[in-house]
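Everything on this sheet refers to the single structure shown next.
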Amino acid sequence: MKKVERYFYPAIFTYELGKEIAVDFPDLKCATSGTNDDDALLSARELLGCVLNGLEEDEEKIPSPTPLSEIKTKENERVVLIDVYMPSIRLANVNRSVNRTVTLPAWLNAAALERNINFSQVLQEALKSQLNLK
């Protein structure tokens with residue numbers, strides 16, 4: 001099944017004096033906030049990408065976005081259409097780092113620390129060599 005390249009979802013921005021801008025995605029039942037419009041928009045886009053990527057990975061049904069014309073707002077709220085470009089989200093997720101615990105003799109650890117060896121780099125290079133990857 002071909003994955004969707006770009007999603008568009010409505011978000012409700014709520015403005016209250018002295019508070020951060022609350023951002024709610026009613027279709028996805030998730031929310032974030034921002035200190036100003038730019039920050040709220042970036043937070044909304046990041047959250048949208050994370051939530052949709054998680055739904056895709058878990059092979060869960062992705063809800064259809066509600067049309068903007070059907071969303072009712074209060075006086076201190078605005079509806080903003082947020083988009084997210086999924087190929088970059090998926091790629092970032094593939095390239096994210098993960099932590100692994102390794103066990104090695106204390107003498108080897110001490111010798112490597114004395115020589116300022118980057119454990120992560122050495123392990124990555126060794127794994128690529130072992131797996132015949134470039």
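Taking the numbered list (1) modelled with pLDDT of 95 or more; (2) out of contact with any helix residue (DSSP H, G or I) (no Cβ under 7 Å at 6 or more places or on another chain) in turn, Leu91 passes all entries but (1). One residue stands out in segment 43-74 among those that are more than 18 Å from the chain's Cα centre (by Cα) and of a type in the set (Gly, Ala, Ser): the one that is farthest from Tyr7 (Cα to Cα), namely Ser69.
Inspect all residues belonging to segment 71-84 and state whether any of them is surrounded by 18 or more Cβ atoms within 10 Å (Cβ to Cβ) and touching a residue at least 40 places away in the same chain (Cβ under 8 Å). Yes, there is a match, as at least one residue in segment 71-84 is surrounded by 18 or more Cβ atoms within 10 Å (Cβ to Cβ) and touching a residue at least 40 places away in the same chain (Cβ under 8 Å).
Among the residues in segment 11-18, are any open to solvent by 30 Å² or more (accessible area, probe 1.4 Å), out of contact with any Gly (no Cβ under 9 Å at 6 or more places or on another chain) and within 17 Å of Val84 (Cα to Cα)? Scanning segment 11-18, I find no residue that is open to solvent by 30 Å² or more (accessible area, probe 1.4 Å), out of contact with any Gly (no Cβ under 9 Å at 6 or more places or on another chain) and within 17 Å of Val84 (Cα to Cα), so the answer is no. Here the condition is being out of contact with any His (no Cβ under 7 Å at 6 or more places or on another chain), open to solvent by less than 80 Å² (accessible area, probe 1.4 Å), assigned to a loop (DSSP other than H, G, I, E, B) and at pLDDT below 90; of Leu104, Leu133, it holds for Leu104 alone.
The values are calculated or read from the model by the stated rules, or taken from the named source; none is laboratory data. These figures come from a predicted structure and were not determined experimentally. A quick note on method: Cβ atoms are made from the backbone with ideal geometry, for glycine too, and the neighbour counts reach across all protein chains shown. Please note that ligands, DNA and RNA were not included when accessible areas were found on the heavy atoms of the full protein model with its side chains. Shrake-Rupley method; radii C 1.70, N 1.55, O 1.52, S 1.80 Å.
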